[in-house]
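Enquirer: Structure below; questions to follow.
What follows draws every value from the coordinates through simple rules; no lab data is involved. The shown structure was predicted, so the numbers you read here are calculated from the model rather than taken from an experiment. Because the Cβ atoms are built from the backbone with ideal geometry, glycine has one as well, and the counts that use them run over all protein chains shown.
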Amino acid sequence: MSTEFAEAETATAGRGGGAGPVLEVSGLDVSYGRGRRRRRALHGVSLSVAPGETVGVIGETGSGKSTLARAVLGLVPASAGSVLIDGEDVTPYSRRQWRTLRRRGVVQYVFQDPLRSLDPDLTIEDSLTEPLLVQGVPRKQATARARSFLDRVHLSGELFERLPGELSGGQRQRVAVARALVTEPRLVILDEPVSALDSANRVKVLEILKELRATGVALVLISHDLGSVAGTADRIAVLYQGELVEAGASPDVINRPRHAYTRLLVSSAPTLRTGAADRSEREALRALLNA
C-alpha cells in the first residue's frame, strides 16, 4: 500500500476509543509458487482493526482478499511484513502456537459456506458447545452460553437439537456466526458471509453483524460486493491485484472514491449508484484499469 493510503488507513482507524488495534497488518507480502512460477498474491498491504470496529475488505476474484484472511490466520506464510493480534506478532508463529491460539478462541473464522464450519453429524447444541468444552468450560455453563449466543443471532432454542442439514441456508449461516462468537473472540474474519444467501437472509445476517459492535469484537468482513458491505462496515479497504488501492471511512470511500477500481465498484453496485455511471462509463473505467 502506498504511503498516501497508509496514512489514510491510520487516520481513519480507531473506532475503539483510543484502544490499541486488535489486528494490525503492516507491509504484508504473500507469494505462491517458486522460481519462474512464483506469483505475488499480496504486496505491501497494511490494515488495522480496532475493538468494536468492522472493516470491509473488498475486491474481485484474484484481488488477494482471501489470501489476506489466510495470512492473518497463519494458514499461508508471509514473505515480508507482519501481522499483530492484540499487539503480539504472530507472523513467526509455528503450527503448534497457532493451534494454541485457535484453541483459546482469540481469532475465529466464518466461511462462505456454513457447512464448512458445522459438522453435519453434530446437533446445533454440540456444534456450539464443542469449542467451549475444548477450553475446559463445564458442560452446563457451555450449554447456557451456547443458548445465549443462539438467541443473539435471533434463532430459537428449538433448533438446538437439530442437525445443520435440517436448517435453511440463512439459519445455518447464523449458527456459524454464533459458533464463531461463543468463545468471545477478539477478532472474527468473515469470508463472503452473505453472498450465498437470498436477500431477506442477507439483510438479517448483516443486521446481526451491526449489532455485534456493542460486544467489542473486531470484525473483518471480506466481500466482492461493495453494496452489501457499505451499510455494515465502519471502514472499507479496497484490494486490487494484490495491492490496497484505497482505504477510509465507508462514506468517504463510497461517496468520494479516488481509485478507478473503487469508482468501478461503486458504479457497478445498484444500491450505491447516485445517478451515476452508465454502462459506457463503467467500460471506460475498466479500460483505464487494463491500460
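Enquirer: So if R0 is 25 Å, what FRET efficiency would V203 and D151 give, r being the distance between their Cβ atoms, rounded to the nearest 0.05?
Expert: It comes out at approximately 0.85.
Enquirer: What nm distance separates the two modelled labels at R256 and R139, each placed 7 Å from Cα along Cα→Cβ?
Expert: Going from the R256 label point to the R139 one covers 5.9 nm.
Enquirer: In addition: Per residue of the range 31-47, what does 6.51 cos²θ - 1.76 cosθ + 1.60 with θ = phi - 60° give for ³J(HN,Hα)? Whole Hz please, x for Gly and Pro, Karplus curve as stated.
Expert: 10, 10, x, 9, x, 5, 8, 5, 10, 7, 8, 9, 9, x, 7, 10, 7
Enquirer: Want the number for R103 to A196: 0.36 nm per residue separation, take away the alpha-carbon distance, what's left?
Expert: Roughly 30.7 nm would be gained on extension.
Enquirer: Another question, if that's okay. With a 10 Å radius around each residue's Cβ, average the other Cβ atoms per peptide and rank 214-220, 72-78, 237-243, highest first.
Expert: 237-243, 214-220, 72-78
Enquirer: Right, something else. Considering the options S46, A78, S195, tell which one lies farthest towards the positive end of the dipole of the chain, charges being +1 on Lys and Arg and -1 on Asp and Glu at the Cβ, about the Cα centre.
Expert: Working it through, the farthest residue towards the positive pole turns out to be A78.
Enquirer: Explain nothing, just compute: Karplus ³J(HN,Hα) = 6.51 cos²θ - 1.76 cosθ + 1.60, θ = phi - 60°, for every residue of the range 233-243 in order, whole Hz, x for Gly and Pro.
Expert: Each residue's phi maps through the Karplus curve to give 7, 6, 9, 10, 10, 9, 9, 9, 6, x, 10 Hz.
Enquirer: Using a simple charge model, +1 on the beta-carbon of Lys and Arg, -1 on the beta-carbon of Asp and Glu, nothing else, what dipole does the chain show about its Cα centre, in debye to the nearest 20?
Expert: So the dipole magnitude of the chain works out to roughly 680 debye.
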